[in-house]
Amino acid sequence: MSYIDTKFLNLLSTRLPKFKRKSENLFNFRCPHCGDSKKSSSKARGFVYRKKNDMFFKCHNCGVGQTLGNLIKFLDPIMYKEYVFERFKDGKVESSKPEFDFTPSKILKTKTAHERTLESLKRFDQLVTTHPAKKFLFDRLIPKEHWDKFFFCPNFYEWTNSIVPNKFPSLKYDHPRVVIPFYDRSGKFFAFQGRAFGKEQPKYITIKFDETKQKIYGLDRIDLNKPVMITEGPIDSLFLDNAIALAGADAVVNIQHEQCTMIFDNEPRNEHIVNRMKNAVDKKFNLIIWPESLKYKDINDMIIAGMSSTKIASLIHSSTYCGLEAHQHINNWKKV
């Protein structure tokens, strides 16, 4: 991506709601053509991405596709003239207008069969207020702006089998669950977690149908230019700024480790968690070590107990360690 393209995208960024730079050549924001979702202000399905030597725009909601230059022209004709002048002021002329290729690419795709299957479920923001499943949201105090990230699945085993055939050979004990979808950096649906409403075991069932991906939740929403918080569970990550969640202990985080802060559950008697904490420090992650006076297991429990997100953020800031200091605090904190 050229310096000129970056410069003009940065100039436009203040006019593009939810603008984020997801990687060197991938930008995400709410589509300026269709306005994206009117029901959910958190959705952002417009992308600018690189293909060969040019930058293109594509919206996953309305389907509009165009060059970066034409996107600039649509938003600001005067800025477009400046863009053309700067890009071609060295005497080179554009050989021809690059035609947009509407063939789905690996980065930006039209809705897949898996995504259409997900959309067969009702999002929680679409359920009536009196729906019994909404008690899950109210009990966990999940902010309303995140309700569209959860889906109600009345028959979890049967629905899962429609994505991963014969994943559950028997439907005898099928039951409703909350479905939490996982998306990769480009917004592609690749996994989901089914969370039990009641005492069904296991409490969490995570299904990955793209084996090339890591079980990491929230990759589609983070800004790589900011520090990244990493929690154990998806719900905890929703109460923090710029956070993802590991749905598998063996997940590999392909982000600069010094940029990340690992936040494990507050379980000093859990040997498995203590070992994961030590391993994270050895891999040069920053680490949260909760103060001994804290009695809550995780971030959502803190919210339910009445702690504000601001207070939790402050607690995280004062409880972050790395290197030898982190190992010393782990030894003092653990009870195994």
*State the cysteines of the chain left without a partner when partners are defined as other cysteines whose beta carbon lies under 4.7 Å away.*
Cys153, Cys260, Cys322
*Let me have the 222 nm mean residue ellipticity of the chain computed from DSSP H runs of 4+ only, each contributing -39500 (n - 2.57), with the sum over all residues rounded to the nearest 500.*
-7500 deg cm²/dmol
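Which value, in debye to the nearest 20, describes the size of the charge dipole of region 165-221 about its Cα centre when Lys and Arg Cβ atoms bear +1, Asp and Glu Cβ atoms bear -1, and nothing else is charged? Before the final figure, lay out the partial values.
Details: 12 positive and 6 negative charges, 30 e Å.
The dipole magnitude comes to about 140 debye.
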_Neighbour-count ranking [beta-carbon atoms within 10 angstrom, fewest first] of Cys322, Cys260_ = Cys322, Cys260
*What length, rounded to one decimal in nm, is gained on full extension from Ser308 through to Phe197, with 0.36 nm per residue of separation minus their alpha-carbon distance?*
37.5 nm
*Give the Debye-formula value of log10 I(q)/I(0) at each listed q (0.10 Å⁻¹), with one equal scatterer per alpha carbon of the chain, two decimals each.*
-0.70
*Between the alpha-carbon centers of region 158-187 and region 48-91, tell me the distance in whole angstrom.*
39
*Would you please give the FRET efficiency between Asp54 and Thr212, computed as 1/(1 + (r/R0)^6) with r the Cβ-Cβ distance and R0 = 22 Å, to the nearest 0.05?*
0.25
*For the chain, which span is the longest to avoid every loop-located (per DSSP) member of GluC sites (Glu not before Pro) having at most 10 other Cβ atoms inside 10 Å?*
212-336
*If you take the square roots of the eigenvalues of the alpha-carbon gyration tensor of region 132-259 and sort them as a ≥ b ≥ c, do you get rounded (a/c under 1.5), prolate (a/b over b/c) or oblate?*
oblate
*Can you give the angle from 0 to 90° between the axis of helix 271-282 and the longest principal axis of the chain, with both taken from C-alpha atoms, to the nearest 10?*
40
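Please order Met262, Met307, Met55 by the number of other Cβ within 10 Å, starting at the fewest.
Details: Met262 24, Met307 17, Met55 21.
Least to most surrounded, the residues fall as Met307, Met55, Met262.
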_Quotient of Cα Rg and 2.2 N^0.38 Å for region 3-88, N being how many residues it contains_ = 1.03
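In this model, which of Lys22/Lys111; Lys144/Lys283; Lys52/Lys215; Lys73/Lys188 are farther than 25 Å apart at the alpha-carbon? Walk me through the numbers on the way to the answer.
Details: Lys22/Lys111 20 Å; Lys144/Lys283 36 Å; Lys52/Lys215 30 Å; Lys73/Lys188 28 Å.
Pairs exceeding 25 Å: Lys144/Lys283; Lys52/Lys215; Lys73/Lys188.
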*Report the full-extension gain for the segment Lys81 to Glu271: residue separation times 0.36 nm, less the Cα-Cα distance, to one decimal in nm.*
62.2 nm
*Run the quick spin-label model on Lys39 and Ser318: label points 7 Å from Cα toward the beta carbon, then report their separation in nm to one decimal.*
4.3
*Putting +1 on Lys and Arg Cβ atoms and -1 on Asp and Glu Cβ atoms, find which of Ile207, Thr160, Ile235 reaches farthest to the positive end of the dipole of region 104-245.*
Thr160
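Hey, fewest Cβ within 10 Å first, where do Val228, Val274 land in order?
On the way: Val228 22, Val274 19.
The order, fewest Cβ neighbours first, is Val274, Val228.
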*What residue among Thr130, Pro181, Ser170 has its Cα farthest toward the positive end of the dipole of region 113-213, where the charges are +1 on Lys, Arg and -1 on Asp, Glu, each on the Cβ?*
Thr130
*Label 7 Å along Cα→Cβ of Glu145; region 5-26 residues with amide nitrogen under 15 Å?*
17-20
*Placing +1 at every Lys and Arg Cβ and -1 at every Asp and Glu Cβ, with all other atoms neutral, what dipole size does region 220-333 have around its Cα centre, in debye to the nearest 20?*
140
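Over region 106-175, what is the relative contact order in whole percent, taking alpha-carbon pairs under 8 Å and six or more residues apart? Intermediate results must be reported in sequence, preceding the final value.
Working: 47 pairs, mean separation 21.4, N = 70.
Over region 106-175, the number comes to 31 percent.
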*At 7 Å along the Cα-to-beta-carbon direction for both Thr129 and Lys111, put a label point, then send me their distance in nm to one decimal.*
2.9
*asked:* Can you return the lysines within cross-link range of Lys295? Criterion is Cα-Cα under 18 Å, with same-chain partners fewer than 8 residues away left out.
replied: Lys311, Lys334, Lys335
*Using a simple charge model, +1 on the beta-carbon of Lys and Arg, -1 on the beta-carbon of Asp and Glu, nothing else, what dipole does the chain show about its Cα centre, in debye to the nearest 20?*
600
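Bear in mind these aren't lab numbers, they're just calculated from the coordinates by the rules spelled out. Fair warning: this is a prediction, and the values are worked out from it, not measured in the lab. Positions of Cβ are backbone-derived with ideal geometry, glycine not excepted, and every protein chain shown enters the neighbour counts.
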